[in-house]
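Working notes, structure below.
The values are calculated or read from the model by the stated rules, or taken from the named source; none is laboratory data. Keep in mind that what you see is a predicted model, and the values were worked out from it rather than measured. Because the Cβ atoms are built from the backbone with ideal geometry, glycine has one as well, and the counts that use them run over all protein chains shown. For accessibility, only protein heavy atoms count, side chains too; no ligands or nucleic acids. Shrake-Rupley method; radii C 1.70, N 1.55, O 1.52, S 1.80 Å.
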Amino acid sequence: MSPVFPMLTVLSMFYYMCLRRRARTATRGEMNSRRAIESNTRALPINVEIVQYAKEVLDFSSHYGSENSMSYTMWNLAGIPNVYPSSGDFTQTAVFRTYGTWWDQCPSARLPFKRTPPTFCSQDYVELAFEEPVYPTAVHILETYHPGAVVRILACSANPYSQNPPAEVRWEILWSEAPTKVNGPQARQFTPCIKQINFPTNLIRLEVNSSLLDYYTELDAVVLHGVKERPVLSLKTSMIDMNDIDEDEDEEKYGCGMDALNKQFSIVTLREWPTNGYFDKLPYELIQLILSHLTVPDLCRLAQTCKLLYQHCCDPLQYIHLSLQPYWARINDTSLEYLQSRCTLIQWLNLSWTGNRGAISVSGFSRFLKVCGSELVRLELSCGHFLNETCLEAITEMCPNLQELNLSSCDKIPPQAFNHIAKVGSLKRLILYRTKVEQTALLSILNFCSELQHLSLGSCVMIEDYDLIASMMGAKCKKLRSLDLWRCKNITESGIAELASGCQLLEELDLGWCPTLQSSTGCFTNLARKLPNLQKLFLTANRSVCDTDIEELAANCTRLRQLDILGTRMVSPASLRKLLESCKDLSLLDVSFCSQIDNRVVLELNANFPNVLIKKSFTQ
């Protein structure tokens, strides 16, 4: 054959790709993105644009504020701006719980799941409902402090105000980008160039990654622009960036639809090949090692190529650790059904953010655990709003080896359901942040789960007597290494004394926003003397912390790495110098709103102790 023909074939394929690219209805990425296509696609002016602020906050993964307040909560995203265009730290904004990388450097930090696709970097999310479903033309995000956390914007086909839920809930990515470092904390209006979609929406989801931020990001409002009728597109010649013809094509091809992912999971007719080429010469274990670097969708696609690779890709050893969180919009009962035969040896499973709006049923979840739960050691179910008492009962019955359970922000689980957790005596980590766990159930859990090493009770508002809880921890949980009591409303010096006496292995303690603790009772001095292994101590917003407490920490807790004393009025620069000189490993010190620590002092301390990140928030 003439060498001209293969060349013509290649050129034809390239021309076809160009035509497909030109026909796409929107650009990806922000306008200043190097990878964006410079498209001249425009909508003909047949519709009047509707501009609307969020009517309601439907769901979120975390927030800095209290469940019984509006300060620093996600609910501040509803309605018109409260702060913008002002910059600074304001209580009327929406703030997520974390920022930076220090959160992953604590004793309570969890090991990451492998095989997480590089395009998924979301750490938190918030979902917003708007009054009118529209075809989006723009999304404006008003960021008032340390902008740059938003990494993905999605639109949903389901109308949260409709009486008739759709047969299928579809999510479409309007815009996504890797985390970027923004110079300066000043306010901005963030308006990325979004892609046009083929359905109207009044449900928008923002996903954030705050790892590159120097402090908490603060969001004030979200504005949705759109038209009621689907735009008619006029296409002109487009400039095509060669760097853009890459794996993103697959992302658009498979989208966020559930059917697409389920087709990858399903069994297909495989072609017979006379030989398997070089794969016949490779040891089975080596092929397994090579395939272990693929993401789950890639593994499922590869399984459809030939019988040999199908055998490797469906081997349960490839699914020992499985995170489905990156595919939360595409996972449903059918997906779990397809995965059952591959997950019989699974030990780590991440179903966080999945299953909402009816995608996963109680029966589907229970069937999966019945087949795949016997070897489970770690189960992540953060924001799993499909969970109920039957699901928790199934977990305790089907997962006898479970050691780690994350129910963070599972606020739909009824209080009585948490009693079932007490049956899992092997638990070492339990995260109940923002759940409705009650005192009786928690006492039972502490009594029977004596192996607990990490416990999160942050923002658990239904516990009536934290002193009683702390006393039970001191008596039963001798192995406790980290404890999160963020915003617990009624713990006193009595509970702290019981806790410090019984849990002397504690390395991490969060007592942020606990208003009933007073330094004058000696509670913080007692902590410092009884807990010499402390590496992280948060006393956020406790105005009574004084020089004596800081000096006791300097004398007794020399392994301290992170200290938050935001808001105290009684700590002087002299005591901070003693702390910094004594605690050589200290890496984070938050002195925001500390009245005696002004910017001049912070600059001086930063100059003398360059290895310590000293944080000082401000309000303009």
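Here are some notes:
- DSSP beta bridges in the chain [antiparallel fraction, %, rounded to 5]: 55 percent
- Spin-label proximity, Arg529 to segment 555-578 - amide N less than 14 Å from point 7 Å beyond Cα toward beta carbon: 555-557
- At R0 = 45 Å, FRET efficiency that the Cβ-Cβ distance of Glu451 and Val48 yields, to 0.05: 0.10
- Here the peptides 430-443, 151-164 are ranked by packing, the mean other Cβ count within 10 Å, and the order with the highest first is 430-443, 151-164.
- Links that overshoot a 24 Å alpha carbon limit, given the list Lys479/Lys578; Lys530/Lys616; Lys478/Lys530: Lys479/Lys578; Lys530/Lys616
- Counting DSSP beta bridges with both ends in segment 349-455, the antiparallel % (nearest 5): 0 percent
- Rounded to the nearest 10 Å², the accessible area of Lys530 at probe 1.4 Å: 70 Å²
- Across segment 549-598, the volume of the C-alpha convex hull divided among the residues equals 62 Å³ per residue.
- Cβ-Cβ FRET estimate between Thr440 and Ser69, R0 fixed at 22 Å, reported to 0.05: 0.25
- Inter-centroid distance (Cα atoms) of segment 537-616 relative to segment 432-470, Å: 30 Å
- In segment 439-488, the trypsin sites (Lys or Arg not before Pro) that fall in loop regions by DSSP, at most 14 other Cβ within 10 Å: Lys478, Lys479
- For the chain, the 222 nm mean residue ellipticity estimated from helices alone, with every DSSP H stretch of n ≥ 4 adding -39500 (n - 2.57) and the total spread over all residues, rounds to -7000 deg cm²/dmol.
- Over the C-alpha trace of segment 49-227, radius of gyration and Dmax come out as 16.1, 51 angstrom.
- Pairs of Cα atoms farther than 20 Å apart, segment 507-605, %: 26 percent
- Protection proxy ranking of 120-130, 76-86, by the mean of other Cβ atoms within 10 Å over each peptide's residues and highest first, is 120-130, 76-86.
- Residues in segment 171-186 that a label on Ala138 would reach, taking backbone N under 19 Å of a point 7 Å out along Cα→Cβ: 174-176
- Available extension along the chain between Gln340 and Tyr284 is 17.9 nm, counting 0.36 nm per residue and deducting the alpha carbon span.
- Across segment 438-445, rounded Karplus estimates of 3J(HN,Hα) from the backbone phi angles (6.51 cos²θ - 1.76 cosθ + 1.60, θ = phi - 60°) give 9, 4, 4, 5, 5, 4, 5, 4 Hz, Gly and Pro being marked x.
- Computed from point charges on the beta carbon alone (+1 for Lys and Arg, -1 for Asp and Glu), the dipole magnitude for the chain about its Cα centre is near 780 Debye.
- Residues of segment 332-349 with amide N under 18 Å of the 7 Å Cα→Cβ point at Lys370: 333-345
- Segment 497-619, accessible area per residue, ligands and nucleic acids excluded (1.4 Å, Å²): 40 Å²
- Shown is the FRET efficiency for Glu397 and Glu464, computed with R0 = 25 Å from the Cβ-Cβ distance and rounded to the nearest 0.05: 0.25.
- Taking label positions 7 Å along the Cα-Cβ direction at both Thr275 and Glu581, the computed distance is 7.6 nm, reported to one decimal.
- Rg in Å to one decimal, and Dmax rounded to a whole Å, for segment 281-428 via C-alpha atoms: 16.0, 57
- Accessible carbon and sulfur surface of the chain relative to its total accessible area, %, 1.4 Å: 54 percent
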